[in-house]
Amino acid sequence: MSSRNNKSILDLLSLEKTKIDSLFSVADKLSANESIPFEGFGKTGALLFFEASTRTRMSFETACARLGIYPLLLDGKAGTSLEKGETLEDTVLNVDAMKPSFLVIRSGDDLDLKALSEKVQCPILNAGWGKKGHPTQALLDAYTVRKHLGTCNGQKVLIVGDVRHSRVAASHFELAKKLNYEVALCGPKEFLPESGNHKVFSSLKEGLQWATVAMALRVQLERHSSQYSLADYREHYGFMVKNLKDLSARALIMHPGPINQGTELDSEVLQDPRCKVLDQVSNGVLIRQSLIYATLSEGK
Ligand code: CP
């Protein structure tokens with residue numbers, strides 16, 4: 001959290017467990033169509049997506065719409081003054097000067113969100129920041145686990161694939177400490193973190209037998225210096241109907257999206273009743289609505 005703007009959500013280590021519980025409780029109310037005491041009319045929220053997104057961007061837009069907040073969307077760099085040489089930081093500071101109620105930012109590592117949060121007037125909500133983290137994705141994943149398995153506490157979450165380049169995995173490492181679930185990894189060594197004392201399964205079969213949640217990640221080939229055979233990847237680490245027999249009948253199959261179908265997850269797996277991929281997306285709206293509500297309501 002920033003000192004100037006302590007409502008910014010840039011990571012999950014700085015989010016209190018009680019606040020996470022409260023976010024989930026509000027999401028439960030929203031899911032049950034219960035009303036929450038909030039009036040968004042006349043407010044704006046600036047959604048600055050400097051990198052591509054479908055789920056996160058549109059779920060923040062939906063969350064704003066449901067709360068009565070007008071979303072101001074900057075979707076990609078094309079057509080903005082970034083093309084004329086304006087810096088990313090200057091763009092954010094200029095939008096902040098329009099006095100939105102909050103800034104939602106997706107960016108690469110080239111933008112320092114922590115430093116920016118010290119300079120802007122309104123809270124920044126991290127919507128995916130380079131490889132550093134994607135806190136709202138981890139929160140919606142955990143909310144999905146809690147919804148289907150009753151609790152996150154004590155769950156065994158197997159993250160399979162490109163962990164080294166994954167901001168989703170980075171946020172799960174943080175959230176697991178808060179919600180007390182165990183994270184283990186599985187994937188080719190080029191895809192796993194170069195440091196850290198993570199539990200690692202060399203065989204997907206053993207990992208799936210251990211897990212109560214099996215989460216596949218997108219293979220981010222664009223970030224690898226050497227090419228890796230996608231056919232080999234699918235053979236050893238892809239979620240397929242045949243190898244998911246090793247996963248318990250009660251376990252969940254998840255993926256943050258976007259999915260490379262036929263690489264990390266076969267299309268047939270989306271029909272498996274344990275697969276919660278689209279429910280993750282629905283829950284993403286609830287969690288982002290809840291987060292905006294908390295950001296604008298607390299400490300008024
Ligand atoms: N999971 C996720 O961040 O998806 P998008 O890139 O489509 O937002």
Q | Virtual spin-label span in nm between ASP279 and GLU235, 7 Å along Cα→Cβ | A | 3.4
Q.
Using each residue's phi in region 274-284, evaluate 6.51 cos²θ - 1.76 cosθ + 1.60 at θ = phi - 60° and report the 3J(HN,Hα) Karplus result to the nearest Hz, with x for Gly and Pro.
A. 7, 7, 10, 4, 6, 5, 4, 5, 4, 5, x
Q. Applying the Karplus parametrisation 6.51 cos²θ - 1.76 cosθ + 1.60 with θ = phi - 60° to the phi angles of region 171-188, what ³J(HN,Hα) value in whole Hz is obtained for each residue in order, glycine and proline being reported as x?
A. 6, 5, 4, 6, 5, 4, 5, 6, 9, 6, 10, 9, 10, 10, 10, 8, x, x
Q) Given the pairs LYS43/LYS276; LYS177/LYS276; LYS17/LYS199; LYS147/LYS177; LYS29/LYS131; LYS77/LYS177, which span a C-alpha to C-alpha distance of over 26 angstrom in this model? A) LYS43/LYS276; LYS29/LYS131; LYS77/LYS177
Q | Of the GluC sites (Glu not before Pro) in region 131-236, those whose Cβ has at most 14 other Cβ within 10 Å and which sit in DSSP loop | A | GLU194
Q: Take ILE259, ILE9 and sort them by solvent-accessible surface of the protein heavy atoms, 1.4 Å probe, largest at the top.
A: ILE259, ILE9
Q. Say the dipole of region 26-145 comes from +1 at the beta carbon of Lys and Arg and -1 at that of Asp and Glu; which of SER101, ILE36, ALA115 then lies farthest toward its positive end?
A. ILE36
Q) If you roll a 1.4 Å probe over the heavy atoms of the protein chains, what accessible area per residue do you get for region 30-88, in Å²? A) 57
Q. Using a basic spin-label model with each label point 7 Å from the Cα along Cα→Cβ, how many nm lie between GLU86 and SER14?
A. 2.6
Q) If one computes the Cα centroid of region 78-116 and of region 10-30, what distance in Å separates the two points? A) 26
Q. Which whole-Hz couplings ³J(HN,Hα) result when phi for each residue of region 75-88 is put into the Karplus expression 6.51 cos²θ - 1.76 cosθ + 1.60, θ = phi - 60°, listed in order with x for Gly and Pro?
A. 10, x, 8, 5, x, 10, 6, 4, 5, 9, x, 5, 7, 4
Q. Say each of LEU221 and LYS99 gets a label point 7 Å from the Cα, pointing the same way as Cα to Cβ; how far apart are those two points in nm?
A. 5.0
Q: Would you mind telling me the antiparallel percentage of the DSSP bridges in region 74-195, rounded to 5?
A: 10
Q) Arranged from highest to lowest average of other beta-carbon atoms within 10 Å per residue, in what order do the peptides 281-292, 265-276 appear? A) 281-292, 265-276
**Q.** Contact order normalised by residue count of region 1-144, Cα under 8 Å, 6+ apart, percent
**A.** 31
Q.
How charged is the neighbourhood of ASP21? Take every other residue with its Cβ under 12 Å from the Cβ of ASP21, and add Lys/Arg as +1 and Asp/Glu as -1.
A. +2
Q: For LEU185, list long-range residues whose amide hydrogen, built 1.01 Å from N in the peptide plane, is under 5 Å from its own amide hydrogen.
A: ILE159, LYS199, VAL200, PHE201
(Q) Sort TYR293, TYR143, TYR70 by heavy-atom solvent-accessible area, probe 1.4 angstrom, most to least. (A) TYR70, TYR293, TYR143
Q.
At R0 = 22 Å, how high is the FRET efficiency between SER203 and ASP272 if r is their beta carbon distance? Nearest 0.05 is fine.
A. 0.60
Q: Check the straight Cα-Cα distances from LYS245 and name the aspartates and glutamates below 17 Å, setting aside those fewer than 8 residues away within the same chain.
A: GLU206, GLU235, GLU264, ASP266, GLU268, ASP272
Q.
Classify region 14-152 from the C-alpha gyration tensor, please: rounded if a/c falls under 1.5, else prolate or oblate depending on whether a/b exceeds b/c.
A. prolate
Q: Evaluate the relative contact order of the chain (contact order divided by residue number), counting alpha-carbon pairs under 8 angstrom at least 6 apart; express in whole percent.
A: 19
Q) Among ILE36, ILE105, ILE20, whose mean-square fluctuation peaks in a Gaussian network model of the chain (Cα, cutoff 10 Å)? A) ILE36
Q | For LYS77, net neighbour charge (Lys/Arg +1, Asp/Glu -1) across residues whose Cβ lies under 12 Å away | A | -3
Q) To the nearest 10 square angstrom, what accessible area does THR18 show with a 1.4 Å probe? A) 100
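The values are calculated or read from the model by the stated rules, or taken from the named source; none is laboratory data. Not measured: the values here are computed from a predicted model. We place every Cβ from the backbone using ideal geometry, glycine too, and count neighbours over all the protein chains shown. These area figures cover heavy atoms from the full protein model, side chains too; ligands, DNA and RNA do not enter into them. Shrake-Rupley method; radii C 1.70, N 1.55, O 1.52, S 1.80 Å.
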